[in-house]
1. I'd like to verify a number: residues in segment 111-130 that are open to solvent by 10 Å² or more (accessible area, probe 1.4 Å) and more than 14 Å from the chain's Cα centre (by Cα), how many?
2. Go through the residues of segment 190-198 one by one and say whether even a single one is under 18 Å from the mean Cα position of the chain (by Cα), open to solvent by less than 30 Å² (accessible area, probe 1.4 Å), in contact (Cβ under 8 Å) with a residue 24 or more places away in the chain and under 19 Å from Val139 (Cβ atoms).
3. Could you run through segment 163-183 and say how many residues are surrounded by fewer than 18 Cβ atoms within 10 Å (Cβ to Cβ) and not charged (D, E, K, R)?
4. Looking at (1) closer than 15 Å to Ile5 by Cα; (2) among the charged types (D, E, K, R); (3) open to solvent by less than 70 Å² (accessible area, probe 1.4 Å); (4) in contact with a Leu (Cβ under 9 Å, 6 or more places away or on another chain), find the lone condition where Glu203 falls short.
5. Go through segment 95-106 residue by residue and tally those that are buried (at least 17 other Cβ atoms within 10 Å of the Cβ) and not polar (S, T, N, Q).
6. Taking the criterion of being over 17 Å from Val12 (Cα atoms), among the hydrophobic types (A, V, I, L, M, F, W, C) and modelled with pLDDT of 95 or more, would at least one residue in segment 87-98 satisfy it?
7. Looking at segment 1-88, what helices (runs of 4 or more DSSP H) fall wholly within it and have at least 3 residues that are open to solvent by 50 Å² or more (accessible area, probe 1.4 Å)?
8. If the Cβ limit is 7 Å and pairs must be 6+ apart or interchain, which residue in segment 76-92 that is of a type in the set (Ser, Thr, Tyr) pairs with which residue that is surrounded by 12 or more Cβ atoms within 10 Å (Cβ to Cβ) and part of a helix (DSSP H, G or I)?
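The values are calculated or read from the model by the stated rules, or taken from the named source; none is laboratory data. A quick note: this is a predicted structure, and the numbers were derived from the prediction, not measured. Here the Cβ positions follow ideal geometry from the backbone for every residue, glycine too, while neighbour counts run over all protein chains shown. These accessible areas exclude ligands, DNA and RNA; they are computed on the full protein's heavy atoms, side chains included. Shrake-Rupley method; radii C 1.70, N 1.55, O 1.52, S 1.80 Å.
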Amino acid sequence: MIRNIVYDVGYVLVSYTWREDFKRFGYDEAGVRRLSEQLFGSKDPKSIRTYWEKYDLHEISDEEIEEYCYSHFPQDTRALKWFFRDPSVWSVCLSDLADTIPVMKKKGYGVYLLSNYPERLWKCQVESAPFMTDVDGAVVSWEEGCGKPSERFYRTLFERYGLKPEECLFLDDRKDNTDAAGKLGMNAITLSSPEMRRRAIAELEQLPDLAR
């Protein structure tokens, strides 16, 4: 029986507008795509992606990630300085799923967050989000020094809040993360498309009211 709903944050409860915002700096679609690929990298272990993963885990500082970008992409300095100056301006709450949080609380479910997120962005984009008032607990990569899909990260959630994996429904946009959750006994839905988001919301609506 499901008793707890566990939400990822990025692209589940919060999305990001920086792609459109970059166009204000004169980038066309191709330029935005180029800058996006430079900024967030590829799966190549030598790419900037490795820096973002370390940033999520609090292994490198705000200054280090910024300096890496400025030094490697000097032609994009103006846009990058805007990007790093105030991350709150390019984040937006995804109300379709965020609005399910107070509903699930009223129905008697525990609500938890399990997210890979760097400290500064978490404090700018998540801590003050409206849905946080109804969250019972959160396990975040920058605080733990590990993240999804590490087994240790999921087990931290279970142990800290006394949760049984089989009583949790986990919502995440990445299949590697939901696969890892499933291997540990969690029920999981991969929010890989708008249709899957609608299916997840429908499943939440169908869950029984535990508060009765």
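1. Result for segment 111-130: 2.
2. Yes, segment 190-198 has at least one match.
3. Final tally of qualifying residues: 1.
4. (3)
5. Of the residues in segment 95-106, 5 are buried (at least 17 other Cβ atoms within 10 Å of the Cβ) and not polar (S, T, N, Q).
6. Yes, segment 87-98 contains at least one residue that is over 17 Å from Val12 (Cα atoms), among the hydrophobic types (A, V, I, L, M, F, W, C) and modelled with pLDDT of 95 or more.
7. Helices (runs of 4 or more DSSP H) meeting the threshold: 29-40, 49-56, 62-72, 77-85.
8. Thr77/Tyr70; Ser88/Cys124; Ser88/Gln125; Ser91/Gln125
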